[in-house]
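Below you'll find the structure, written out as structure tokens, and then a few comments.
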Amino acid sequence: MVSFKYKIKDKVGIHARPAGALAKEAKEISSKVTLKFKGKEADAERLISVMGLGVKSGDEIEVIVEGQEEKHDSEKIEEFFKNNL
């Protein structure tokens, strides 16, 4: 398991467009990606689950990556967050 924290910079937070892009990105890697926020968890592959977290601009989330290629996949997901959120 690899995890990292990320502070959302997008002025609207995690809304439909970036949540959809995140779900697509999560489906393309072999590891399972889970987002944690305020005691709730969401499977990053599930758009509705991700949006249901209610993450706003300035909020910090924890991203957990688990799998055979978790180190590589974690770097890829972290790069996605930096470029899109």
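In nm, give the distance between the simple-model label positions of residue 27 and residue 82, each being 7 Å from the Cα along the Cα-to-Cβ direction.
In this crude spin-label approximation the distance works out to 2.6 nm.
Only one of the values [x] 57; [y] 66; [z] 62 was calculated from this structure for percent of Cα pairs over 14 Å apart; name its label.
Evaluating percent of Cα pairs over 14 Å apart on these atoms matches [x].
If I model a spin label as a point 7 Å beyond the Cα along the Cα-Cβ vector, how far apart are those points for residue 11 and residue 48 in nm?
3.1
When ranked by the protection proxy of mean other Cβ atoms within 10 Å per residue, highest first, what sequence do the peptides 50-62, 22-34 form? Don't skip to the end; give the middle numbers.
Details: 50-62: 15.8, 22-34: 18.0.
Result, highest mean Cβ count within 10 Å first: 22-34, 50-62.
Under a straight-distance cross-link criterion of Cα-Cα below 16 Å, which lysines are reachable from residue 9, leaving out those fewer than 8 residues away in the same chain?
56, 82
Once every DSSP H run of n ≥ 4 in the chain is given -39500 (n - 2.57) and the sum is divided by its residues, what mean residue ellipticity at 222 nm do you get, rounded to the nearest 500 deg cm²/dmol? Provide the component values of the computation, followed by the final result.
Numbers: 3 runs with 33 residues, N = 85.
That calculation yields -12000 deg cm²/dmol at 222 nm.
Determine ³J(HN,Hα), in whole Hz, for all residues of region 34-39 in sequence, where each value follows from phi through the Karplus function 6.51 cos²θ - 1.76 cosθ + 1.60 and θ = phi - 60°; x replaces Gly and Pro.
Residue by residue, region 34-39 yields 10, 9, 10, 7, 6, x Hz.
For residue 36, give me every one of the aspartates and glutamates with a C-alpha distance below 12 angstrom, ignoring sequence neighbours fewer than eight places off in its own chain.
In chain and number order, the partners are 59, 60, 62.
Leaving ligands and nucleic acids out of the surface, order 15, 72 by accessible area at 1.4 Å, largest first.
Details: 15 45, 72 105 Å².
Accessible-area ranking of 15, 72, largest first: 72, 15.
The values are calculated or read from the model by the stated rules, or taken from the named source; none is laboratory data. From a predicted model like this one, the values you see are computed outputs, not experimental measurements. Cβ sites come from the backbone with ideal geometry, for glycine too, and all protein chains shown count toward neighbours. Surface areas here come from the heavy atoms of the whole protein model, side chains and all, with no ligands, DNA or RNA. Shrake-Rupley method; radii C 1.70, N 1.55, O 1.52, S 1.80 Å.
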